[in-house]
1. Consider A55 carefully, then state whether it is assigned to a helix (DSSP H, G or I), surrounded by 10 or more Cβ atoms within 10 Å (Cβ to Cβ), of a type outside the set (D, E, K, R) and modelled with pLDDT under 85.
2. Against the conditions (1) modelled with pLDDT of 85 or more; (2) open to solvent by 100 Å² or more (accessible area, probe 1.4 Å), where does D12 fall short? Just the number, please.
3. If you scan the stretch 25-52, which residues turn out to be under 30 Å from W6 (Cα atoms) and surrounded by 10 or more Cβ atoms within 10 Å (Cβ to Cβ)?
Amino acid sequence: MKGLDWLQGGNDRKLAATRYAGRESATDRAAAKRQAKARARQQAGVREAARAGEAWEQKERRRTR
């Protein structure tokens, strides 16, 4: 039965080397997604800190004038 070959199992290493060769793994995709989110959060934090610093600096300038 040719249509039920997938039920018999087989050599996963061979399948990975032939059928899935060159594809990005789900693990790699998930890691890249996590890294992109972390990078975006970090950049948002930097922007927020820069805005707070600018606001403080302007407030301080007004106070000293």
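1. No: the conditions fail for A55.
2. Condition (1) is where D12 drops out.
3. Scanning the stretch 25-52 gives S25, D28, R29, A30, A31.
The values are calculated or read from the model by the stated rules, or taken from the named source; none is laboratory data. Quick caveat: nothing in here was measured; it's all calculated off a predicted structure. We place every Cβ from the backbone using ideal geometry, glycine too, and count neighbours over all the protein chains shown. Ligands, DNA and RNA are stripped out before the accessible areas are found, and what is left, the full protein with its side chains, is counted by its heavy atoms. Shrake-Rupley method; radii C 1.70, N 1.55, O 1.52, S 1.80 Å.
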